[in-house]
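A.B. asks: Right, I'll just put the structure down here and ask away after.
The values are calculated or read from the model by the stated rules, or taken from the named source; none is laboratory data. Note that the structure is a prediction, hence the values are computed from the model and not measured. Every residue, glycine among them, receives a Cβ derived from its backbone with ideal geometry; neighbour counts consider all protein chains shown. Each accessible area value is taken on the protein alone, full model and side chains, heavy atoms only, with ligands, DNA and RNA left out. Shrake-Rupley method; radii C 1.70, N 1.55, O 1.52, S 1.80 Å.
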Amino acid sequence: MLKKITRRSLLKKSALATAAGALYLNFPYPLFGNGSGQKTPVVLIRDENVMDESRKFNPGVMKEMLNQALIRLTKTKNAGEAWKKLINPEDVVGIKSNVWNYLPTPKELEMAIKEGVMSAGVPEERLSIRDRGLLDDPVFTGGTALINVRPMRTHDWSGVGSLIKNYITFVRKPSMYHPDTCADLATLWKLPFVEGKTRLNILVMMTPLFNGVGPHHYNKKYTWEYKGLLVGFDPVAVDSVGIRILQEKRREFFDEDRPIKPPVKHIFLADTRHHLGTADPAKIDLIKLGWDKDILV
Amino acid sequence: MFYLYFIQLFLILSGQQMDTKEPDLSQLLPLSITGWEKTENDSYYNEESLFNYINGGAELYISYGFNNVISRRYSRNGNSQIAVEIFDMGNSINAYGVFTHVREEMDESYGQGSQLYEDAILFWKYRYYVSVVSLDGSEDAQLTIKNIAEYIDDSISETGELPGVLRVIPERGLVDESVLYFHHPAWINSLYYISDENILNIDNQTGCILARYGDKKDRSYLLAIRYSTIEDAKRAFNQFYKVFSEEKDSPGLSLMEDGTWIAYTRHHRYFFGVFHASSEILAKDLLQETIDRIDSQGL
């Protein structure tokens, strides 16, 4: 009689140690430790009215979603208090966006963030919204605070375009981070212009891309109207929830397990190797607000 | 001269082609077609510059020995846009391999295999991987991408060989469109998690196949790797065995805690693994069929 071999034991022999299990497909068993510490909050907020049938965003609904998420995250009574808890009037604030053609950070969300930052007392000249050219922008090189905001999508080499990966434009040669399918992207967060400055992470889950094809890695067929935002302080935790949603969507769409390819190493290793945050679902307090139809998580 | 001849003969026999000519990719494309005009100067990218075009996505193509690519845009009345890329992958095996990443159904409308979407056509032929995409989704553009794909297909006069390792995988129960060919360790977990480390020593001297078998409710996965030498295959098998076996008296078979089976073996210069099989018999049968194909074909 054979002794049953466990996926846990296989992983313990691998470079990822106990990191990957719960987030890899084909791994039905929770493999993270049962830490007893405080859970990391991540807010998932959805609103079915945030876009119309042509996927045009409603700026008012978008702003309200963001503010409600922040109120819950910061445990404050209103949006004004929430923003003041995140940003000081003296701050110089870089809003790190994403301009990928097919799925950029929505302008309506950028504006909502900008208004929020200004409501905390930061004048317009001390904030900047951009994705490219960060190293030539004094707000990003000499700033005191960063807000990280981007849509989640699959990616041909890193598995997904994530919040962790969004700081890749802080380097002049991104390919330096490509070895081992971008395993060590979390080290971007140790760069001098970045370390310790991120006040908020927002993963845009409005129309996520759950499968990519061809050199443009995009086809509308592989997006859906999820109409959500994931908001948190810990980028690893927020990304981790985002991956679970993408994986569930893939399972639903393909009607079987289809692992994200290649596996999303960089998020697991951001937890276990680089200690940037937690990817462990058991250590994440997922707070769900708003529309809950087909929530997938 | 004889030396070169023997190298070429060896490469052909081992399933590879030595294509030394650098083709002019622009010759494969129309300047205009059904009222659509080439809009701007073509862009060309090589291994160094491809990152400037598709960022990290470049690594997928580089992992298949990418040579260069032409990118051309077409427009009608200055509005609608169509994007065309022709990737020269150096040989047909690499072109086929890249294509297997996007194949969702078996289709040969274009080239030697195509994947069709409402607003995109992807296909491979000879040493080329081709993408024709309507950027605005208009009806006119959707029709025109078919014309462009047909033009390119006709312009490529040659066809290419498939990877030799394909011949070893059994047809019974195979989900044809799931077959993935690769020779870079990044793709080992594409269908089923196997390892984060390159325990099977996959590199560009190996030819690897991953494929789904059975139906969705009874899915298993086959991994087939052809090594350059029997010694290479032995080394890979031993490393795999160390990771996948917890019982010294059960080489080649593991029962997973979810009740599925993993079976693996080495035969000549091949390594085979069957994963997620619902029974021991099913796992062993698939392995045996694979071995039988090698023996019967003298591979």
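A.B. asks: Could you list all residues from segment B:95-108 that are without any contact (Cβ under 8 Å) to a residue 12 or more places away in the chain and under 25 Å from residue B:140 (Cβ atoms)?
C.D. replies: B:107
A.B. asks: Pull up segment B:95-108, narrow it to residues that are part of a loop (DSSP other than H, G, I, E, B) and more than 14 Å from every other protein chain (Cβ to nearest Cβ), then point me to the one that is farthest from the chain's Cα centre (by Cα).
C.D. replies: For segment B:95-108, the residue satisfying everything is B:108.
A.B. asks: Looking at segment A:192-199, is at least one residue open to solvent by 40 Å² or more (accessible area, probe 1.4 Å) and among the charged types (D, E, K, R)?
C.D. replies: Taking segment A:192-199 as the starting set, the residues that turn out to be open to solvent by 40 Å² or more (accessible area, probe 1.4 Å) are A:192-193, A:195-196, A:199.
Narrowing further to those that are among the charged types (D, E, K, R): A:195, A:199.
Yes, that holds for at least one residue.
A.B. asks: Here is a further query. Identify all residues within segment B:90-108 that are touching a Lys or Arg at 6+ places or on another chain (Cβ under 6 Å) and within 22 Å of residue A:211 (Cβ to Cβ); write none if there are none.
C.D. replies: If the condition is that a residue be touching a Lys or Arg at 6+ places or on another chain (Cβ under 6 Å) and within 22 Å of residue A:211 (Cβ to Cβ), then B:95 is the only one that fits.
A.B. asks: Here is a further query. Being among the small types (Gly, Ala, Ser), assigned to a helix (DSSP H, G or I) and in contact with an Asp or Glu (Cβ under 9 Å, 6 or more places away or on another chain) is the filter here; which residues of segment B:117-167 pass it?
C.D. replies: First pass over segment B:117-167, keeping only residues among the small types (Gly, Ala, Ser): B:120, B:131, B:134, B:137-138, B:141, B:149, B:155, B:157, B:160, B:164.
Still in the running and assigned to a helix (DSSP H, G or I): B:141, B:149, B:155, B:164.
Once the filter is applied, which keeps residues that are among the small types (Gly, Ala, Ser), assigned to a helix (DSSP H, G or I) and in contact with an Asp or Glu (Cβ under 9 Å, 6 or more places away or on another chain), segment B:117-167 yields only B:141.
A.B. asks: Could you identify the single residue in B:106, B:89 that is open to solvent by 20 Å² or more (accessible area, probe 1.4 Å) and outside the structural domain of residue B:210 (by TED's automatic domain parsing)?
C.D. replies: B:106
A.B. asks: Can we say residue A:154 is open to solvent by less than 30 Å² (accessible area, probe 1.4 Å) and touching a Pro at 6+ places or on another chain (Cβ under 6 Å)?
C.D. replies: On the way: open to solvent by less than 30 Å² (accessible area, probe 1.4 Å): yes; touching a Pro at 6+ places or on another chain (Cβ under 6 Å): no.
So residue A:154 fails the test.
A.B. asks: Right, something else. Give A:280, A:257 a once-over and let me know the one that is open to solvent by less than 10 Å² (accessible area, probe 1.4 Å) and touching a residue at least 60 places away in the same chain (Cβ under 8 Å).
C.D. replies: Working: A:257 fails: open to solvent by less than 10 Å² (accessible area, probe 1.4 Å).
Going through A:280, A:257 in turn, the sole match is A:280.
A.B. asks: Looking only at segment A:160-191, count every residue that is open to solvent by 30 Å² or more (accessible area, probe 1.4 Å) and away from chain B (no Cβ under 14 Å) and tell me the total.
C.D. replies: Going through segment A:160-191 one residue at a time, the tally reaches 3.
A.B. asks: A follow-up question, please. Condition first: touching a strand residue (DSSP E or B) at 6+ places or on another chain (Cβ under 6 Å) and either farther than 17 Å from residue A:140 by Cβ or polar (S, T, N, Q) (or both). Now tell me which residues in segment A:157-186 satisfy that. Please lay out each step first, then the result.
C.D. replies: So in segment A:157-186, the residues touching a strand residue (DSSP E or B) at 6+ places or on another chain (Cβ under 6 Å) come out as A:160-161, A:163, A:166.
Correct list: A:160, A:161, A:166.
A.B. asks: Just checking, does segment B:170-178 include any residue being closer than 30 Å to residue A:266 by Cβ, touching a Cys at 6+ places or on another chain (Cβ under 7 Å) and not acidic (Asp, Glu)?
C.D. replies: Scanning segment B:170-178 turns up no residue that is closer than 30 Å to residue A:266 by Cβ, touching a Cys at 6+ places or on another chain (Cβ under 7 Å) and not acidic (Asp, Glu).
A.B. asks: Still on this structure, I have one more. Restricting attention to segment B:168-177, which residues are assigned to a loop (DSSP other than H, G, I, E, B) and in contact (Cβ under 8 Å) with a residue 24 or more places away in the chain? Show your work before the answer.
C.D. replies: In the first step, residues of segment B:168-177 are kept if they are assigned to a loop (DSSP other than H, G, I, E, B); the result is B:169-173, B:175.
Matches in segment B:168-177: B:169, B:170, B:172, B:173, B:175.
A.B. asks: Right, something else. Looking at segment B:141-151, is at least one residue surrounded by 18 or more Cβ atoms within 10 Å (Cβ to Cβ), more than 14 Å from chain A (Cβ to nearest Cβ) and modelled with pLDDT of 95 or more?
C.D. replies: So far as segment B:141-151 goes, yes, one or more of its residues are surrounded by 18 or more Cβ atoms within 10 Å (Cβ to Cβ), more than 14 Å from chain A (Cβ to nearest Cβ) and modelled with pLDDT of 95 or more.
A.B. asks: Please pick out the residue among B:111, B:137 that is away from chain A (no Cβ under 13 Å), small (Gly, Ala, Ser), within 26 Å of residue A:254 (Cβ to Cβ) and in contact (Cβ under 8 Å) with a residue 12 or more places away in the chain.
C.D. replies: Working: B:137 fails: away from chain A (no Cβ under 13 Å).
B:111 is the lone residue from the list that is away from chain A (no Cβ under 13 Å), small (Gly, Ala, Ser), within 26 Å of residue A:254 (Cβ to Cβ) and in contact (Cβ under 8 Å) with a residue 12 or more places away in the chain.
A.B. asks: Given the condition within 9 Å of chain A (Cβ to nearest Cβ) and either touching a residue at least 60 places away in the same chain (Cβ under 8 Å) or over 25 Å from residue B:97 (Cα atoms) (or both), answer yes or no: does some residue in segment B:220-231 qualify?
C.D. replies: The answer is no; no qualifying residue exists.
A.B. asks: For segment B:235-256, check the following and say yes or no: at least one residue is at positive phi, over 19 Å from the mean Cα position of the chain (by Cα) and within 9 Å of chain A (Cβ to nearest Cβ). Break it down into steps so the answer makes sense when it comes.
C.D. replies: Pass one, segment B:235-256, residues at positive phi: B:252.
Then drop every residue that is not over 19 Å from the mean Cα position of the chain (by Cα), which leaves B:252.
So of that shortlist, the ones also within 9 Å of chain A (Cβ to nearest Cβ) come out as none.
No, segment B:235-256 contains no residue that is at positive phi, over 19 Å from the mean Cα position of the chain (by Cα) and within 9 Å of chain A (Cβ to nearest Cβ).
Matching residues to (1) assigned to a helix (DSSP H, G or I); (2) closer than 28 Å to residue A:47 by Cβ:
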{"residue": "A:226", "(1), (2)": "no, yes"}
{"residue": "A:229", "(1), (2)": "no, yes"}
{"residue": "A:237", "(1), (2)": "yes, yes"}
{"residue": "A:245", "(1), (2)": "yes, yes"}
{"residue": "A:259", "(1), (2)": "no, no"}
{"residue": "A:262", "(1), (2)": "no, no"}
{"residue": "A:266", "(1), (2)": "yes, no"}
{"residue": "A:271", "(1), (2)": "yes, no"}
{"residue": "A:278", "(1), (2)": "no, yes"}
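A.B. asks: Another question, then. Restricting to segment A:113-122, name every residue that is in a loop (DSSP other than H, G, I, E, B) and touching a strand residue (DSSP E or B) at 6+ places or on another chain (Cβ under 8 Å). Explain how you work it out, then say what you get.
C.D. replies: We begin by selecting, within segment A:113-122, every residue in a loop (DSSP other than H, G, I, E, B); these are A:120-122.
Across segment A:113-122, the qualifying residue is only A:122.
A.B. asks: Any residue at all in segment B:45-62 that's of a type outside the set (A, V, I, L, M), open to solvent by less than 20 Å² (accessible area, probe 1.4 Å) and at pLDDT 95 or above?
C.D. replies: Restricting attention to segment B:45-62, the residues satisfying the condition of being of a type outside the set (A, V, I, L, M) are B:45-49, B:51-53, B:55-57, B:59, B:61.
With open to solvent by less than 20 Å² (accessible area, probe 1.4 Å) added as a condition, the list becomes B:56-57, B:61.
Those left that are additionally at pLDDT 95 or above: B:61.
Yes.
A.B. asks: Within segment A:210-246, how many residues turn out to be in contact (Cβ under 8 Å) with a residue 12 or more places away in the chain and either within 12 Å of chain B (Cβ to nearest Cβ) or in contact with a Cys (Cβ under 7 Å, 6 or more places away or on another chain) (or both)? Break it down into steps so the answer makes sense when it comes.
C.D. replies: Let us first name the residues in segment A:210-246 that are in contact (Cβ under 8 Å) with a residue 12 or more places away in the chain, namely A:210-212, A:216-218, A:222-246.
Retained after the next criterion (residues that are either within 12 Å of chain B (Cβ to nearest Cβ) or in contact with a Cys (Cβ under 7 Å, 6 or more places away or on another chain) (or both)): A:211-212, A:216-218, A:222.
Qualifying residue count, segment A:210-246: 6.
A.B. asks: Please work out which residue is surrounded by the fewest Cβ atoms within 10 Å (Cβ to Cβ), limiting yourself to segment A:46-65 and to residues that are in a helix (DSSP H, G or I) and aliphatic (A, V, I, L, M).
C.D. replies: Of the residues in segment A:46-65, the ones in a helix (DSSP H, G or I) are A:59-65.
Right, trim to aliphatic (A, V, I, L, M) and you get A:61-62, A:65.
Numbers: A:61: 17, A:62: 23, A:65: 27.
Checking each candidate, the answer is A:61.
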